[in-house]
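The values are calculated or read from the model by the stated rules, or taken from the named source; none is laboratory data. Keep in mind that what you see is a predicted model, and the values were worked out from it rather than measured. FYI the Cβ positions are ideal-geometry reconstructions off the backbone, even for glycines, and counts take in every protein chain you see. Accessible surface is based on the protein model in full, side chains and every heavy atom, while ligands, DNA and RNA are left aside. Shrake-Rupley method; radii C 1.70, N 1.55, O 1.52, S 1.80 Å.
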Amino acid sequence: IARTTDKPIIIITPETRTRSYAATVCAELLGITFHRWSTKKIPPLKDYIQQKAPHAEGKYPIMQTKGGIIFGSQAIAKYIAQMKRNRHLLGKTHLHEATVDSWIEWDSEQLLPNVEAWIMPILGYRRYDSDEEVVAKALTRRALDRMEQHLLLNTYLVGHQITLADITIASTLTMPFRLVFDAEFRESYPNVQRW
């Protein structure tokens, strides 16, 4: 049974926050109305969060629901994916659900930290260190090698349709594909590019 909302979901996030992409893509795929508010356009936001959900202060993205505030990109994406379970973004079987969770955990441990270590200095959010960049590139390649092998025989990460695992990892790869994965780098990953 699909749960619906009386009001649109409100997702509050910095405009450049790619981690919020998974939540907004899920909402769009499921036809759920949402509003994406920039943190820059809401000056009293800090006071509001301290009042409604002090545990969420400084954590973005944040989602306002009828029942309260949810924070963290994966928690929000999962909440949205559960709103219409018949679309199977979390997987069709218990095994698929666990495998979706496994890929999301893999992303947060193996891919995302290394991608961020590589691109954050380029974006000016971290100090540049050439040694750290070399390590981040190597670890990103290792993670992409695993994906490449998996996608050699699979169209999607889990099962036979898009799941939250695909959405999450595609969100992680959005900025690197724009900023650092040049043509030479991409040649090694034809299955990842197809996916």
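Screening region 144-165 for residues that are touching a residue at least 60 places away in the same chain (Cβ under 8 Å) and open to solvent by 10 Å² or more (accessible area, probe 1.4 Å) and picking the one that is farthest from T18 (Cα to Cα) gives G159.
Among the candidates R126, R194, R141, which residue alone is open to solvent by 90 Å² or more (accessible area, probe 1.4 Å) and under 17 Å from L112 (Cβ atoms)? Exactly one residue qualifies, and that residue is R126. Evaluating S130 against the criteria (1) touching a residue at least 24 places away in the same chain (Cβ under 8 Å); (2) more than 21 Å from S108 (Cα to Cα); (3) among the polar types (S, T, N, Q) leaves one unmet condition, (1). Filtering region 172-191 to residues that are surrounded by 12 or more Cβ atoms within 10 Å (Cβ to Cβ), out of contact with any Asp or Glu (no Cβ under 7 Å at 6 or more places or on another chain) and part of a helix (DSSP H, G or I) leaves L173, T174, M175, P176, F177, L179, F185, R186, P190.
Per this entry, E57 is not counted among residues that are acidic (D, E) and modelled with pLDDT of 75 or more.
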